[in-house]
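**Student:** Just dropping this structure here.
The values are calculated or read from the model by the stated rules, or taken from the named source; none is laboratory data. Please read these numbers as outputs of a predicted model, since none were measured by experiment. As a convention, Cβ positions derive from the backbone with ideal geometry for all residues, glycine included, and neighbour counts pool all protein chains shown. Heavy atoms of the whole protein, side chains included, go into the accessibility calculation; ligands, DNA and RNA do not. Shrake-Rupley method; radii C 1.70, N 1.55, O 1.52, S 1.80 Å.
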Amino acid sequence: MRRIFHLDLDAFFVSVERVLDPSLCGKPVIVGGDPQGRGVVACASYEARPYGIRAGMPLKQAARLCPRAIFLQGRFDHYVEVSRHFMGILGSYSPLIQPLGLDEAYLDMTGSEALYGPLAGVARDIKARVRRELGVTVSAGIASGKVAAKVASDAGKPDGLVEVPPGGDAAFLAPLPADDLPGIGPSTTAALKALGILTVGQLAQAPPLLLRRAFGAWGDLLHCWANGQDDSPVLPPAPPKSIGRSTTFAKDTRDRAFLRSMLRYLTERVGADLRKEGKLARVVVLTLRWADFTTFSRHQTLKAPADSDEAIYRAGEALMQRELAKSSKLVRLIGISVGNFVDRRGQFPLLEDERPRRLARAMDGIRSKYGYTAIQSGLTLPLRDTFPEERGRYLLKTACLSR
Ligand code: TTP
Ligand code: MG
């Protein structure tokens, strides 16, 4: 019998905002933007939900339902950062991790009781670590299949932990409304209701042919799920083919010292990701976008596969200087990425000088504890004059989001 965890952060965007500004705690908070604008709610705090406010609802409507709600623009770069840390924690419990979006993931923990003890205790341990390291709460569901694990984590929200005993998925799901199953939206709910099916238990009892006629292959799947037959595997994502960061400047620029600082900063972020993946890169790609929006990439193959900031930066900087010499246009965006990976294991003797690698790894260790700005290379120091710093990291105008 499999043991699958589903973990989903509670009111994710709002929870991160509350870490940054604790005065938001306990209040109805909505991330999405200007309540008079045309946007929709991305995330509503649990205090806002009793007013009927849900993700996807127009902000104007949310403001009408709860005029005292606090509306925030949202800071996606922070959410991405927290998400990476969250997935890192989960990944330390099982290599079989399947992230879904930024704030949820499945873990296949089958057979790991022998290593960790009772799985409910493991879930409590994960919850405590997430809370301690990220300041946010996560809800956990444990079941024999992915569907019941997801429904279980939802059932306990917020800050919940629901364990369905081995083989108990169908019994756990039976009393719940059919639309608690993932993927059942208003139209499927209406069609099920027309067939007299309101609960998952009724769905389990319905003749499979009836469901197939009404919903095709989706009906077959629903029938299996409702009966606790769910063997879809936890699928870790394919490893990335490249790792990159880019940023758009608040003002187009030709300032070479600033461009070098920025490139070095982006390189160090890329290098840290590369080292975390345990890869060496053979190719460095520099991307520039001029003020007129023309964009191009240039690549350089390294003499030896490398993972040090120094090696990546040297290649990127040479490419940048070459392009700046060719044109006098202002630069709008700069990006650097690495690719064509080889595994670090089995690369012995390493051709790259060991010292820059050791330095980079020591810096990674310090930064993972105390933030990026806790230790800086001289080249990135000018960024201090340009960007505000928050919790040990620079706030660029555009987040370093691209992978
Ligand atoms: P969810 O996990 O669906 O929601 P949530 O974390 O806000 O709340 P819950 O406690 O119920 O899990 O989505 C995660 C984040 O994804 C959410 O904080 C904001 C974002 N999101 C959107 O931007 N638009 C949407 O329509 C939804 C559903 C989510
Ligand atoms: Mg969530």
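**Student:** Run I312 past the list (1) modelled with pLDDT under 85; (2) within 18 Å of T267 (Cα to Cα) and report the number of the one that doesn't hold.
**Tutor:** It is condition (1) that I312 fails.
**Student:** Do the conditions hold for A55, that is, is it open to solvent by 40 Å² or more (accessible area, probe 1.4 Å), under 21 Å from the mean Cα position of the chain (by Cα) and within 16 Å of ligand 2 (Cβ to nearest atom)? Full working, then the answer.
**Tutor:** Working: open to solvent by 40 Å² or more (accessible area, probe 1.4 Å): yes; under 21 Å from the mean Cα position of the chain (by Cα): yes; within 16 Å of ligand 2 (Cβ to nearest atom): yes.
Answer is yes for this residue.
**Student:** May I ask you to verify whether V331 is more than 22 Å from L302 (Cβ to Cβ) and modelled with pLDDT of 85 or more?
**Tutor:** Working: more than 22 Å from L302 (Cβ to Cβ): yes; modelled with pLDDT of 85 or more: yes.
So V331 passes the test.
**Student:** Please find, among P22, P67, P58, the residue that is free of Cβ contacts under 8 Å to residues at least 40 places away in the same chain and within 14 Å of ligand 1 (Cβ to nearest atom).
**Tutor:** P58
**Student:** Filter region 91-108 down to the residues that are of a type in the set (A, V, I, L, M) and either more than 19 Å from D154 (Cα to Cα) or within 15 Å of ligand 2 (Cβ to nearest atom) (or both) and list them by number.
**Tutor:** Across region 91-108, the qualifying residues are L96, L100, L102, A105.
**Student:** Could you tell me whether region 66-76 includes any residue that is within 16 Å of ligand 2 (Cβ to nearest atom), in contact with a strand residue (DSSP E or B) (Cβ under 9 Å, 6 or more places away or on another chain) and open to solvent by less than 40 Å² (accessible area, probe 1.4 Å)?
**Tutor:** Yes, the conditions are met somewhere in region 66-76.
**Student:** Just wondering, is there one or more residues in region 258-272 that are open to solvent by 30 Å² or more (accessible area, probe 1.4 Å) and not in a helix (DSSP H, G or I)?
**Tutor:** No; the residues of region 258-272 include none that is open to solvent by 30 Å² or more (accessible area, probe 1.4 Å) and not in a helix (DSSP H, G or I).
**Student:** Considering only residues that are within 24 Å of C25 (Cβ to Cβ) and not in a helix (DSSP H, G or I), which ones fall in region 105-135?
**Tutor:** Within region 105-135, just G135 meets the criteria.
**Student:** Scan region 97-129 for residues that are of a type in the set (S, T, Y) and within 16 Å of ligand 1 (Cβ to nearest atom) and report the count.
**Tutor:** 1
**Student:** Can you say whether V14 is touching a residue at least 24 places away in the same chain (Cβ under 8 Å), within 30 Å of E163 (Cβ to Cβ) and either within 12 Å of ligand 1 (Cβ to nearest atom) or more than 25 Å from the chain's Cα centre (by Cα) (or both), as far as the supplied structure shows?
**Tutor:** When the stated conditions are applied, V14 passes them.
**Student:** Related question: Could you tell me which residue of region 1-52 is surrounded by the fewest Cβ atoms within 10 Å (Cβ to Cβ), considering only residues that are in a helix (DSSP H, G or I) and among the hydrophobic types (A, V, I, L, M, F, W, C)? Please lay out each step first, then the result.
**Tutor:** Of region 1-52, the ones in a helix (DSSP H, G or I) are 12-20, 22-24, 49-51.
Next, from what is left, pick out any that are among the hydrophobic types (A, V, I, L, M, F, W, C): 12-14, 16, 19-20, 24.
Details: F12: 22, F13: 27, V14: 26, V16: 24, V19: 15, L20: 13, L24: 18.
This residue is L20.
**Student:** If you don't mind, another one. I'm trying to understand the selection: among the residues of region 70-96, which are more than 13 Å from ligand 1 (Cβ to nearest atom), of a type outside the set (A, V, I, L, M) and assigned to a loop (DSSP other than H, G, I, E, B)? Talk me through it step by step, then tell me what you get.
**Tutor:** Filtering region 70-96 for residues more than 13 Å from ligand 1 (Cβ to nearest atom) gives 70-71, 77, 81, 84-85, 87-96.
Narrowing the set further to residues that are of a type outside the set (A, V, I, L, M) leaves 71, 77, 81, 84-85, 88, 91-95.
Those that are more than 13 Å from ligand 1 (Cβ to nearest atom), of a type outside the set (A, V, I, L, M) and assigned to a loop (DSSP other than H, G, I, E, B): S92, Y93, S94, P95.
**Student:** Within region 226-241, is there a residue that is assigned to a strand (DSSP E or B) and in contact (Cβ under 8 Å) with a residue 12 or more places away in the chain? Break it down stepwise before answering.
**Tutor:** Narrowing region 226-241 to residues assigned to a strand (DSSP E or B): none.
No, because not a single residue in region 226-241 is assigned to a strand (DSSP E or B) and in contact (Cβ under 8 Å) with a residue 12 or more places away in the chain.
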